[in-house]
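Some notes on the structure that comes next.
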Amino acid sequence: MDYKNKIKYYEIEDSLHERMRTGEAITKKNSKPMSKIKLLSLLIVISLSSFAQTKMLTKTGKITFEASVPAFEEVKAKNESVTCVLNPSTGEFASLVLIKGFRFKVALMEEHFNENYMESDSYPKATFKGKIDNFDVSKLTETAKAYTIKGKMEMHGKSKDISITASIKKSSNGIEIDSDFSLNTDDYGIEIPSVVSKKVSKKVAVKLDATLK
């Protein structure tokens, strides 16, 4: 390589190093360098994606509730579109359910549930935000273990701190959380008309099943 070509070679090499240092993209000869704003945006997207991956989620959790009274018609419904989110590093847990997503065997009962009891047009959702006590994801096995989850339940415009017990284990599908607990309609301002007060229990049995990935 002669002297002039050697100088030209080093100039090109120095230019490439400078472009790499300032974050410019090195592509084809005629392509434009990546601006610093675009580079920053890309880094933010990557950062947010990494953060999102720390959370486990399902949008197909199941909640079944029953407020039946012996000798009367069954009062029972199921919602299979419950959203649940778990932060496995902290044990924080949250869930959201749309009230109109509950399905009853009897259509008229479902209508009364939304219009007269839950007033779902005014209060369309119920949420829970809390934390699993002493949760350590590294200690989960395929054998379920009982955990206590404490947090705030918000429903029908009212909120109440509750504590429930949940069975938690890991599986090939993710982390499975199952819980059976009860809620009282009086705690959430849900009025049961006197005409059916003997047919509907104020103590409502609730069952949650969720597999988070």
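A few points about this structure:
- Which numbered condition residue 113 fails, given (1) buried (at least 18 other Cβ atoms within 10 Å of the Cβ); (2) more than 18 Å from residue 199 (Cβ to Cβ); (3) of a type in the set (A, V, I, L, M, F, W, C): (2)
- Just so you know, in segment 53-74 the residues that are within 27 Å of residue 106 (Cβ to Cβ) and β-branched (Val, Ile, Thr) include one that is most open to solvent (accessible area, probe 1.4 Å), and it is 60.
- Criterion applied to 179, 163, 201, 138 was being at pLDDT 95 or above, loosely packed, with under 15 Cβ neighbours inside 10 Å and either closer than 21 Å to residue 81 by Cα or touching a strand residue (DSSP E or B) at 6+ places or on another chain (Cβ under 9 Å) (or both), and the one residue passing it is 163.
- Extreme residue, farthest from residue 114 (Cα to Cα), among residues of segment 124-148 that are of a type in the set (A, V, I, L, M, F, W, C) and under 15 Å from the mean Cα position of the chain (by Cα): 132
- Selected residue (only one of 147, 188 is under 23 Å from residue 58 (Cβ atoms), crowded, with 18+ Cβ neighbours inside 10 Å and of a type in the set (Phe, Trp, Tyr)): 147
- Some residue of segment 91-109 being on the phi > 0 side of the Ramachandran plot and under 18 Å from the mean Cα position of the chain (by Cα): yes
- Single condition residue 131 does not satisfy, out of (1) closer than 27 Å to residue 90 by Cβ; (2) touching a Leu at 6+ places or on another chain (Cβ under 6 Å): (2)
The values are calculated or read from the model by the stated rules, or taken from the named source; none is laboratory data. What you see is a predicted model; the values in this text were computed from it and never measured. For neighbour counting, all protein chains shown are included, and Cβ atoms are generated from backbone atoms with ideal geometry for every residue, glycine included. Protein only, heavy atoms only, side chains kept; ligands, DNA and RNA dropped before computing areas. Shrake-Rupley method; radii C 1.70, N 1.55, O 1.52, S 1.80 Å.
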